[in-house]
1. Could you work out the equivalent-ellipsoid semi-axes for the stretch B:172-230, taking the square root of 5 times each eigenvalue of the Cα gyration tensor, largest first, in whole Å?
2. Considering the rotational relationship between chains B and A, which residue of chain B contributes the beta-carbon of minimal distance to the axis, and what is that distance to the nearest Å?
3. Give me the inter-chain shielding for B:287-300: mean count of other chain Cβ atoms within 10 Å, whole number please.
4. What angle, in degrees between 0 and 90 and rounded to the nearest 10, separates the Cα long axis of helix A:307-325 from the longest principal axis of the Cα atoms of chain A?
5. What Kirkwood radius, in Å to one decimal, follows from the Cα pairs of the stretch A:151-193?
6. If the label for A:Glu167 sits 7 angstrom from Cα along the Cα-to-Cβ line, what are its distances to the same label in every other copy, in nm to one decimal, shortest first?
7. Each residue of the stretch A:111-121 in order: what ³J(HN,Hα) in whole Hz does its phi give by Karplus 6.51 cos²θ - 1.76 cosθ + 1.60, θ = phi - 60°, with x for Gly and Pro?
8. Can you classify the stretch B:32-81 as rounded, prolate or oblate using the Cα gyration tensor, where a ≥ b ≥ c are the square roots of its eigenvalues, rounded means a/c under 1.5, and otherwise it's prolate if a/b beats b/c and oblate if not?
There are 2 protein chains.
Amino acid sequence: MDRRKIVKSLGIGGLASGVAAASSFPKPAISQGLLQWRLVTTWPANFPGLGTGANLLGELIGKMSDGRLTVQVFGAGEIVPAFEAMDAVGSGTVEMGHGAPYYWQGKVNAASYIAAIPFGLTAQEQNAWFYFGGGQELADKVYAEMGAKFFPSGNTGTQMGGWFNKEMNGLADYQGLKMRIPGLGGKVVAAAGGNVVNLPGGEIPPALQSGAIDATEWVGPYNDLAFGLYQAAKYYYYPGWHEPATVLDCFINMAAWEGLPDDLKAVVEAANRAVNVTVLSEFVARNNDALNTLVNEHGVELRPFNDEILSGLGQLAGQVMNDEASVDPLSREVMDSILRFRTMAGAWAGVSEQPFMSARLLPFEFATPSGG
Amino acid sequence: MDRRKIVKSLGIGGLASGVAAASSFPKPAISQGLLQWRLVTTWPANFPGLGTGANLLGELIGKMSDGRLTVQVFGAGEIVPAFEAMDAVGSGTVEMGHGAPYYWQGKVNAASYIAAIPFGLTAQEQNAWFYFGGGQELADKVYAEMGAKFFPSGNTGTQMGGWFNKEMNGLADYQGLKMRIPGLGGKVVAAAGGNVVNLPGGEIPPALQSGAIDATEWVGPYNDLAFGLYQAAKYYYYPGWHEPATVLDCFINMAAWEGLPDDLKAVVEAANRAVNVTVLSEFVARNNDALNTLVNEHGVELRPFNDEILSGLGQLAGQVMNDEASVDPLSREVMDSILRFRTMAGAWAGVSEQPFMSARLLPFEFATPSGG
């Protein structure tokens with residue numbers, strides 16, 4: 001994912017021009033001890049999995065607090081454009097936001113590592129880092145620089161490697177490859193010799209069709225099917241080494257957060273944990289049906305990156321991460337913590353889920369549901 | 001895990017005799033609109049990861065409701081013995097319980113499939129099944145037969161294959177193997193020719209040391225280290241094909257649940273989702289350090305099951321699952337739903353997390369934290 005693809009995606013091209021003046025919306029009010037907050041998102045209203053996650057967050061807080069704190073959710077552009085959401089929250093124009101940490105890397109560099117790093121953590125490892133590995137405290141430090149309190153608030157799970165109109169048979173195939181891939185993943189592809197470009201989402205399909213670009217990454221089947229990329233590219237590569245588990249964020253104006261009574265703080269924190277597990281569950285439950293539609297109805301060719309490509313990209317990713325972490329001390333601190341956790345969690349995954357999932361794919365005959 | 005190992009584990013041998021009469025505890029009270037509930041668990045008080053999960057559930061509900069619903073948590077044996085927890089909840093002696101679904105398979109056979117099935121779902125797939133795959137509704141149907149409302153309330157993640165004093169080099173090594181392994185996994189080992197026995201937790205270490213048994217399964221490093229099994233067995237095999245992601249359950253007396261106002265229902269449901277992700281995170285964060293201690297300080301030999309063993313056990317597991325599902329119509333209904341979801345989720349995992357985790361283990365050099 002990148003900053004642009006969300007705002008421009010799904011044909012919602014009017015978002016940038018559809019920005020309403022903040023003054024045209026009612027200001028937050030406190031009456032009879034009832035708090036009314038506004039939540040701005042980086043997602044188009046009701047965007048599947050992402051915008052609906054923000055909706056759920058607002059609903060849960062309102063329900064659990066019995067209306068003592070209600071949260072009205074706004075899609076991108078309804079109060080402020082998608083990528084002004086953090087400014088709106090930091091300045092107190094609104095109390096709350098929902099997006100993804102790497103959207104704020106221009107403000108605080110370390111934010112991008114909190115979202116996902118190439119060859120980094122799986123979704124449940126990301127959560128373990130936040131809740132038991134010091135990640136919450138480090139993320140709070142990053143977001144405090146933007147005037148906000150942070151909570152992890154959803155995860156896409158492992159994304160796909162991307163859409164390609166060229167077969168990728170070795171690392172050498174990245175030489176000169178024109179690929180739209182933002183952020184840290186883009187730096188790795190550039191290091192492999194790729195010609196990395198950035199395009200707004202709406203310009204991707206024509207660019208793929210004209211050959212202006214050879215490839216693009218996006219999210220995963222559940223979102224990609226709706227976006228129609230199968231009409232413009234032939235090969236769908238996996239796995240998404242560049243975004244193995246992308247974190248969504250909830251950010252709250254610091255003064256608004258600190259002004260909450262303890263019970264409402266507990267409500268907001270638990271609502272975010274509930275949304276965190278629910279959003280990931282939605283992607284896990286819905287991606288495969290979408291993938292089947294792509295392959296069986298739209299003739300998409302599903303391809304794995306081979307080990308030579310993945311090893312080569314992994315090596316380059318390591319160099320890129322080392323360079324990135326040198327930008328400033330907070331980047332180094334966050335990166336060090338993630339790298340230590342990754343070593344530990346990767347070792348555990350290597351004797352638990354990873355070999356279990358491999359074992360499950362062995363060619364034995366398993367039980368079948370009645371009726372086949 | 002099994003019914004007995006939890007109650008007898010960690011040297012807490014007095015649990016069975018430490019049962020207090022329910023009448024010696026204050027009855028639930030409603031004063032000034034404040035509800036006071038009691039939660040009984042199948043875990044020793046403060047049992048790492050499991051009992052602490054139940055504690056967190058109680059705390060969150062009390063905090064979020066600002067004391068309108070407080071939950072006092074009792075360890076196994078403090079009000080009723082561990083495996084009378086469901087009876088205590090179903091009958092209304094207490095309002096709430098926390099344990100694991102397979103403890104109730106003697107009451108409703110299908111309960112065991114809700115906990116985990118051999119070669120079944122990973123933790124995030126279990127959650128996706130509950131929240132988006134019809135699992136919540138089916139589990140509610142199972143628990144309604146016991147007079148209770150169900151919520152998933154934690155997950156151990158992939159367990160270990162177990163502790164062995166014999167090397168396992170092929171499926172034939174299961175012939176005559178004396179192994180303590182309960183439930184569905186035990187039926188699979190028996191189908192492979194094993195001599196399956198059940199022993200209370202406290203009797204396992206001497207039985208391993210005397211050769212009365214050759215092997216036992218338990219949980220994973222975080223719990224197994226504390227239990228001291230490394231003193232009695234040499235080889236620690238992975239992965240835990242028999243319990244790939246074991247669900248913990250919250251069960252609530254149906255009348256108590258239905259009597260809650262909507263805001264407190266929302267609090268209880270979201271608290272369970274929060275506990276669900278938090279408990280899993282704790283296991284993911286803590287297992288590797290414990291595994292390192294076992295291997296590096298206690299000389300445990302870590303061994304993978306080979307593909308011939310895993311394929312063979314997978315085939316047998318399929319037959320056992322088919323037989324099990326024939327026990328009654330509800331078992332068939334639950335099993336069918338899980339099997340369909342497993343096929344779909346397994347296909348998605350096979351192009352996302354599984355190849356990502358394999359890629360991450362390729363021998364490339366990655367970034368290192370400063371200071372090494």
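Derivation of every value follows stated rules applied to the coordinates shown; laboratory data play no part. It should be emphasised that the depicted structure is a prediction, and the values quoted were computed from it without experimental measurement. For neighbour counting, all protein chains shown are included, and Cβ atoms are generated from backbone atoms with ideal geometry for every residue, glycine included.
1. In descending order, the three semi-axes are 20, 13, 10 Å.
2. Rotation axis B onto A, closest Cβ, rounded to whole Å: B:Val277, 2.
3. If you average over the peptide's residues, the count of other-chain Cβ atoms is 2.
4. Around 40 degrees separate the two axes.
5. 12.2 Å
6. Result, one decimal in nm: 4.3.
7. Values per residue, Gly and Pro as x: 4, 5, 6, 6, 6, 4, 10, x, 6, x, 9 Hz.
8. Oblate.
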